[in-house]
Structures are given as structure tokens and as C-alpha cells.
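Q: Provided herewith is a single structure, encoded as C-alpha cells, for subsequent inquiry.
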Amino acid sequence: MRLDVVVRLLDAYFRVPEVENDAAWGEMYDTFLEAPYWREHADPGWERRWNGLMVRGADDVEGAVTCVFPSDEIVAGLEPRTLLFSEHPIALGDGDLFTPLAEQSFAAMHDRSVAFYHVHAPLDHHPEISPSRLIANGLGIEELEEYFPIADGIPGGAAVIGASRLGLDELAARLSELLGDEIPVAVMTRPRERAGRVAVAGGGGAQRDILEASLERGCETYVTGNAASPCPIPEVQEGIRAFRELSEEEGVAVVDGTHYGTEKLPQLAMVEWFRAVGLPAEFAPGRPERGPWSKEPSLDG
């Protein structure tokens, strides 16, 4: 299948030409690297949007592989003329740290004519397959409202909220079943036994400002992916602590399913999308950030 055809379909599905002010991934690469080797391989249009086709690869692609976070291991296992699709253009290393793909991975993509396409805010805002929406649908949350945009130029938002008839343990059990056995799910705070009005902010949604927007909409339970992140960066931990302190103050139940886990479902959905347009596809599992929980973490845990 012609790469340009696939890219055109993806750009339209995710409204990539319209997105503005998303996370500046190339600048993030530059902060990690002494030499910005990614610039030698990035498609010229990628820097304008920080979304879409990052590495061009061959004019024809023979299959697609989807993943949440790319990694050097995933890249090393790709067949020639593959289209790699992900939410992020950067790996998630030990301690929930964003980690650049190695220079050898970019060289391997070049040598094997591998294309690399990713969408961040356009996926988080997507009206059908956003992480938050797919989780909410899977949990049976009703009357969804979408809010909290994380980029400009495209409609929608990265969080959804609605009503649940489940108990808190039932909600967590259903989330665990939805995400898969390898994903640790934890009920971190338990102010009540009913889930009530549930907000879902997949991925790195343990942020005080998203919780504030959720409280304005009546949030009683908050499902996210980084409320227990071990990331050692002080600013990250300060942000998570502020989020958790507010959740304690307001009596919000917090359910965590890891960053990787809560962003997994769209990548499974995209396997079916690629197959529907005529391209063989499969999902490449990543490494869940944390092992099984032995106890519910405290605010200081």
C-alpha cells in the first residue's frame, strides 16, 4: 500500500493538519541529547505540528505495527517496510521517565525503510478512540461529556465524565479486565463504596487542573494513569502530590491504571483501523511501568 495514501487517511482521521500547540516533542528530544540526531531523520513537516509522519520510510508499506510508546526493542523487531504507529514519538523508560529513541533506532528505521507516524493530542481528543473515551465506554459510564483540550485547532478534549452504576471495587475490577492482566490497577483512595460520577483522564491525567475541571462537573471518582508514578523528577512528583492532595480534600476516589495501561486501548483499535483500510497490522505490547500492587498506596506512598 502506498505510504502517501495511508498518511492521507490518517491525517484526515485525526485532523492532523489542524492541530496547534501540542507537546513540542522535538524540543523534548533536544533537552535529552547532546546531538539532535533525530533531525537527520524527521520528515520536514513533522516540526510544524509535532504530530503525523515523523520518519518517512519507503514509498510502499507492507504492514503496520501499533504501540503506546515506541522503544528501541520494538523498533529492533520491525520488519522492513513497516509503518510504526504510536501515540508518542518517545519511549517510557524506568521510573516513568520519557526516554529518547536511540540513534541506532533511527538508523534502523532508515536502513529497513520503516515509516513512523504518531498522534498525541489528536488521539487524546478523538471522538471515537481517545483513551479516555474507550475506557469510559468499556466501564459502561453513561451520558459522557468531553472536556479539557490539551492542544488548539481541533475539537474535543482529553477527559470525559459521566455516571456509573458500579461500586468502586466493581469499577476497578472491570478496568483491570478491560486493560489486561499485565496492567496493575489500584484503588488509591476510597472515600465511598459507590463510583458515582466518574471522570476518566487517561495517560498522564493526574493533574490538579484536570481534577479541578472534573470537580466542576461533579466528579466523585477519577480514573487515570499516573497517580502513582515513580517518576523521580521533582516537578512531576510535586504535580502528582498536588493532584492527590486535592482529591483527598474533595473526597474523590482515585483509580490508577498506569500511563501505558490507560493508553493501550486506542492502539488495539488502530490495529482494526489499519486492517479495515487494507493493511495487515498487529499490536506491539510495551512494558507496564509498575508491578502488581501489594497494598493501596497512601498519599505519601
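Q: Is it the case that L178 is out of contact with any strand residue (DSSP E or B) (no Cβ under 9 Å at 6 or more places or on another chain), buried (at least 22 other Cβ atoms within 10 Å of the Cβ), aliphatic (A, V, I, L, M) and part of a helix (DSSP H, G or I)?
A: No, not satisfied.
Q: Among the residues of the stretch 92-141 satisfying the criterion of being part of a strand (DSSP E or B) and either acidic (D, E) or touching a residue at least 60 places away in the same chain (Cβ under 8 Å) (or both), which is farthest from V236 (Cα to Cα)?
A: Kept after step one, since they are part of a strand (DSSP E or B), are these residues of the stretch 92-141: 92-93, 97-99, 115-118.
From what is left, the residues that are either acidic (D, E) or touching a residue at least 60 places away in the same chain (Cβ under 8 Å) (or both) are 92, 97-99, 115-118.
Details: L92: 14, L97: 10, F98: 12, T99: 15, A115: 32, F116: 28, Y117: 27, H118: 24 Å.
Going through the qualifying residues, I end up with A115.
Q: Something else now. If only one of A228, A242 is assigned to a loop (DSSP other than H, G, I, E, B), assigned by TED's automatic domain parsing to the domain that holds L168 and under 22 Å from the mean Cα position of the chain (by Cα), which one is it?
A: Going through A228, A242 in turn, just one is assigned to a loop (DSSP other than H, G, I, E, B), assigned by TED's automatic domain parsing to the domain that holds L168 and under 22 Å from the mean Cα position of the chain (by Cα): A228.
Q: Now for a separate question. Taking the stretch 260-296 as the search range and keeping residues that are modelled with pLDDT under 95 and in contact with a Ser or Thr (Cβ under 9 Å, 6 or more places away or on another chain), which one is surrounded by the most Cβ atoms within 10 Å (Cβ to Cβ)?
A: Out of the qualifying residues, it is E289.
Q: Looking at the stretch 1-54 only, could you name the residues that are farther than 17 Å from H118 by Cβ, outside any helix (DSSP H, G or I) and at pLDDT 95 or above?
A: M1, R2 - these are the residues of the stretch 1-54 that are farther than 17 Å from H118 by Cβ, outside any helix (DSSP H, G or I) and at pLDDT 95 or above.
Q: Still on this model: Residues of the stretch 155-171 being crowded, with 22+ Cβ neighbours inside 10 Å, over 15 Å from the mean Cα position of the chain (by Cα) and aliphatic (A, V, I, L, M), which ones?
A: I161, L168, L171
Q: Given the options G167, G138, G156, name the one that is outside the structural domain of M54 (by TED's automatic domain parsing) and at positive phi.
A: G156
Q: Continuing with this model, one more query. Give just the number: which of (1) in contact with a strand residue (DSSP E or B) (Cβ under 7 Å, 6 or more places away or on another chain); (2) surrounded by fewer than 23 Cβ atoms within 10 Å (Cβ to Cβ) does G205 not satisfy?
A: Unmet condition: (2).
Q: Just a yes or no: is a residue in the stretch 3-19 farther than 19 Å from L279 by Cα, in the same structural domain as L101 (by TED's automatic domain parsing) and without any contact (Cβ under 8 Å) to a residue 40 or more places away in the chain?
A: Step one: of the stretch 3-19, the residues farther than 19 Å from L279 by Cα are 15-19.
From what is left, the residues that are in the same structural domain as L101 (by TED's automatic domain parsing) are 15-19.
Filter again for without any contact (Cβ under 8 Å) to a residue 40 or more places away in the chain, leaving 17.
Yes, there is a match, as at least one residue in the stretch 3-19 is farther than 19 Å from L279 by Cα, in the same structural domain as L101 (by TED's automatic domain parsing) and without any contact (Cβ under 8 Å) to a residue 40 or more places away in the chain.
Q: Pairs only if they're at least six apart or on different chains, beta carbon under 8 angstrom, first in the stretch 226-248 and acidic (D, E), second not in a loop (DSSP other than H, G, I, E, B); list them, first residue then second.
A: E248/T189
The values are calculated or read from the model by the stated rules, or taken from the named source; none is laboratory data. Just so you know, these numbers come straight off a predicted model, no measurement behind them. Cβ atoms come from the backbone with ideal geometry, glycine included; neighbour counts cover every protein chain shown.
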